[in-house]
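To start, the structure under review is shown below, and the notes come after it.
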């Protein structure tokens with residue numbers, strides 16, 4: 001990738017980096033936002049912190065900001081609501097628009113779209129808080145297999161997620177997930193390796209394979225643990241790498257993704273890839289995957305951040 005290598009930073013004007021916010025992912029957003037803000041300022045961009053939890057969004061206009069880089073993870077920043085507000089304020093912003101953000105934030109809607117288009121995704125069922133019957137748990141386990149992932153429909157960073165292997169665990173996990181969302185995705189667990197592919201300006205960056213001693217790639221494995229291993233290059237053949245990149249781009253476009261994002265996969269023991277979820281504002285912390293993929297593609301962190309900022313031109 002060469003986007004971001006030769007950019008006149010003055011073209012961006014006064015930039016607000018939105019991070020913090022009110023979501024359950026606030027802590028991660030603060031880490032991502034500070035890293036991005038520092039990189040922009042080092043590159044010479046007139047960039048400033050803006051935390052919607054501390055300032056009214058209308059202050060973006062009164063303070064004279066000309067464009068916005070969104071580093072808000074989770075609800076209120078990644079679900080289309082902030083994107084809609086910025087469009088009303090007539091402020092260019094990075095990443096996906098209202099539709100793409102809202103779709104990708106909802107794991108159930110994302111899977112339904114992928115399934116409709118014939119893209120590979122694991123078998124699943126949906127639990128709704130208003131109609132959930134605990135007596136259905138055994139039937140669900142029988143239908144989905146020996147291991148099931150329980151995921152709140154609209155949380156990120158693996159918040160509220162649980163891996164279960166029997167009906168009693170499933171019931172407890174669903175009830176816990178209902179603390180985060182009224183709709184919960186129940187997904188057959190794919191035994192194998194986990195991969196992720198970053199999308200940047202219409203291209204797929206080198207894939208990353210993750211390995212963790214945790215029961216799955218959970219919040220601790222992502223942000224706190226030193227035992228998680230990352231492989232980039234991921235070890236795929238050139239043919240497999242290209243196939244995975246094409247699938248990532250197709251999956252990203254299917255949910256109306258724009259500019260930049262990340263698609264996560266599982267690969268079963270036969271080599272079949274399955275789509276897990278789409279991320280329209282991936283993490284940008286020191287342990288994050290997007291900077292790792294960009295580095296393998298020959299980009300510095302500053303160049304990556306400038307390339308992300310440039311995606312605001314697409315709105």
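The table for this structure:
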{"item": "Segments classed as helices (runs of 4 or more DSSP H), wholly inside region 88-203, with at least 3 members that are more than 19 Å from the chain's Cα centre (by Cα) and farther than 30 Å from residue 66 by Cα", "result": "137-144, 167-177"}
{"item": "Single unsatisfied condition, residue 215 versus (1) within 21 Å of residue 141 (Cα to Cα); (2) assigned by TED's automatic domain parsing to the domain that holds residue 246; (3) modelled with pLDDT of 95 or more", "result": "(3)"}
{"item": "Hits in region 258-304 (condition: touching a residue at least 40 places away in the same chain (Cβ under 8 Å), more than 30 Å from residue 20 (Cβ to Cβ) and not in a strand (DSSP E or B))", "result": "269, 272, 298"}
{"item": "Residue match in region 246-264 (condition: over 25 Å from residue 188 (Cα atoms) and modelled with pLDDT under 95)", "result": "no"}
{"item": "Residue count for region 64-77, restricted to those that are in contact with a strand residue (DSSP E or B) (Cβ under 8 Å, 6 or more places away or on another chain) and part of a loop (DSSP other than H, G, I, E, B)", "result": "6"}
{"item": "Of the criteria (1) within 23 Å of residue 293 (Cα to Cα); (2) under 21 Å from the mean Cα position of the chain (by Cα); (3) not in a loop (DSSP other than H, G, I, E, B), which one residue 38 fails", "result": "(2)"}
{"item": "Residue 55 surrounded by fewer than 17 Cβ atoms within 10 Å (Cβ to Cβ) and within 20 Å of the chain's Cα centre (by Cα)", "result": "no"}
{"item": "Test result for residue 127, in contact with a helix residue (DSSP H, G or I) (Cβ under 8 Å, 6 or more places away or on another chain), surrounded by 22 or more Cβ atoms within 10 Å (Cβ to Cβ), on the phi < 0 side of the Ramachandran plot and modelled with pLDDT of 90 or more", "result": "yes"}
{"item": "Residue check, residue 84 outside any loop (DSSP other than H, G, I, E, B), under 30 Å from residue 66 (Cα atoms) and free of Cβ contacts under 8 Å to residues at least 40 places away in the same chain", "result": "yes"}
{"item": "Members of region 110-124 found to be in contact (Cβ under 8 Å) with a residue 40 or more places away in the chain and either buried (at least 16 other Cβ atoms within 10 Å of the Cβ) or touching a strand residue (DSSP E or B) at 6+ places or on another chain (Cβ under 8 Å) (or both), listed by number", "result": "110, 111, 113, 114, 119, 120, 121, 122, 123, 124"}
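The values are calculated or read from the model by the stated rules, or taken from the named source; none is laboratory data. Not measured: the values here are computed from a predicted model. So basically every Cβ, Gly included, is an ideal-geometry build from the backbone, and we count neighbours across all protein chains shown.
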